[in-house]
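The values are calculated or read from the model by the stated rules, or taken from the named source; none is laboratory data. All figures in this text were calculated on a predicted structure; none of them were measured in a lab. All Cβ positions, even for glycine, are placed from backbone atoms using ideal geometry, and neighbour counts span all protein chains on display. To get the accessible areas, we keep the full protein, side chains included, count just its heavy atoms, and leave off ligands, DNA and RNA. Shrake-Rupley method; radii C 1.70, N 1.55, O 1.52, S 1.80 Å.
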Amino acid sequence: MSCVLVTGGAGYVGSHTCKALAAAGFTPVSYDNLSRGHQEAVRWGPLEIGDIGDPERLRQVICAHEPIAILHFAAYAYVAESVQHPLLYYRNNVAGSLSLIEVAAACGIENLVFSSTCTVYGHPQRLPIPEDHPLLPIHPYGISKATTEMMLRSCEASHGLRSVSLRYFNAAGADPDGEIGEVHDPETHLIPNVLRAALGRIPAIAVYGTDYDTPDGSCVRDFIHVTDLANAHVLALRYLLAGQPSDAFNLSNSRGYSVKEVITTAERVIGKPVPVQYHPRRPGDVGMLIGQADRACQVLGWQQQYGELETIIATAWDWFRQH
């Protein structure tokens, strides 16, 4: 089977994508320094421990496995942390990606799928957000992802390295088979924290802002199941292997759910009340973020299997109860 190098393969989306790659007939080789990933999540191929900022180690792994492509997930991904420690994010996400791209080009890698984010758009000028929306990131995390996208796009003509950047919205849920799930430390994502509040692991779920111009006053976000994200990466890989040009695609549910709606839906799914604490708005939060994913459907042939909010929460709850 053809090998694919997966940087950050021990992380949340990376590990789910490794499972999808294996199911599609590829051998995923996870390359991870395990600083924020989990070794037990690497179950569908070998693990190579290393840092994307270490070019010699990258060369060793690429020479050993001869991957036909790279799927690049390795990155720090906390917005608040990026504001507090911007240089950490530029060193890891930007300089680390540069190191990876340089080694990939030198080793003759022609295909790279990049895990990007909707935060490259910044404050939306129109909704739902299409791919031709200006890239105007407002924090170092978003800047680091937009910068990496631009580095990749500039490498097609000069180095023959074609890439697909997948800009996804709010990844959520867990493997429907219960084999892997979402584990972060600290945990900042809404759905797992709602579940933690329901079980008394934290005192309450914090809701920041109830006066947004949305149907119930709370922020609206576009949640997409992690398995659907993983399957999109396999389709993007096949797109590149077919010789198609570099491109960028949104991965989204194309509909939004408010924070309050997520809480009430979780209460219905799990049959428990969720304690809530209301707080003022946080600086930089956008009232509504909804993506337009038509191009991923049309060009990549992507279709969601787990798009309903109840399903997303139910898979997260099943994982949460087991672990």
Does region 258-275 hold any residues that are of a type in the set (Ser, Thr, Tyr) and open to solvent by less than 20 Å² (accessible area, probe 1.4 Å), and which are they?
Ser258, Thr265
Any chance Trp302 is in a helix (DSSP H, G or I), of a type outside the set (Val, Ile, Thr) and touching a residue at least 60 places away in the same chain (Cβ under 8 Å)
no
Sole exception among (1) closer than 18 Å to Asn193 by Cβ; (2) modelled with pLDDT of 95 or more; (3) surrounded by fewer than 21 Cβ atoms within 10 Å (Cβ to Cβ); (4) of a type outside the set (A, V, I, L, M) for Asp247, by number:
(1)
Any idea which of Ile263, Ile290 is modelled with pLDDT of 95 or more and touching a Lys or Arg at 6+ places or on another chain (Cβ under 8 Å)?
Ile290
Would you pick out the residues in region 279-295 that are in contact (Cβ under 8 Å) with a residue 24 or more places away in the chain and either exposed (fewer than 12 other Cβ atoms within 10 Å of the Cβ) or β-branched (Val, Ile, Thr) (or both)?
His279, Pro280, Val286, Ile290
Output the residues belonging to region 21-41 that are open to solvent by 10 Å² or more (accessible area, probe 1.4 Å), under 20 Å from Glu66 (Cα atoms) and under 17 Å from the mean Cα position of the chain (by Cα).
Asp32
Yes or no: Ile138 within 22 Å of Gly11 (Cα to Cα) and not small (Gly, Ala, Ser)?
no
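Residues checked against (1) in contact with a Lys or Arg (Cβ under 9 Å, 6 or more places away or on another chain); (2) modelled with pLDDT under 95; (3) farther than 21 Å from Pro273 by Cβ; (4) of a type outside the set (D, E, K, R):
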residue	(1), (2), (3), (4)
Arg167	yes, no, yes, no
Gly173	no, no, yes, yes
His184	yes, yes, yes, yes
Thr188	no, yes, yes, yes
Leu199	yes, yes, no, yes
Ile205	yes, no, no, yes
Val226	no, no, yes, yes
Leu235	no, no, yes, yes
Ala242	no, no, yes, yes
Search result, residues across region 60-101 that are open to solvent by 60 Å² or more (accessible area, probe 1.4 Å), in contact with a helix residue (DSSP H, G or I) (Cβ under 8 Å, 6 or more places away or on another chain) and closer than 21 Å to Leu237 by Cα
Leu98
Out of the residues in region 118-135 meeting the condition of being under 19 Å from the mean Cα position of the chain (by Cα) and hydrophobic (A, V, I, L, M, F, W, C), tell me which one is surrounded by the fewest Cβ atoms within 10 Å (Cβ to Cβ).
Leu135
Which helices (runs of 4 or more DSSP H) sit wholly inside region 1-96 and have at least 1 residues that are at pLDDT below 95?
79-84
Give region 296-309 a look and list any residue that's more than 16 Å from Val226 (Cβ to Cβ) and surrounded by fewer than 21 Cβ atoms within 10 Å (Cβ to Cβ), or say none.
Cys297, Gln298, Val299, Gly301
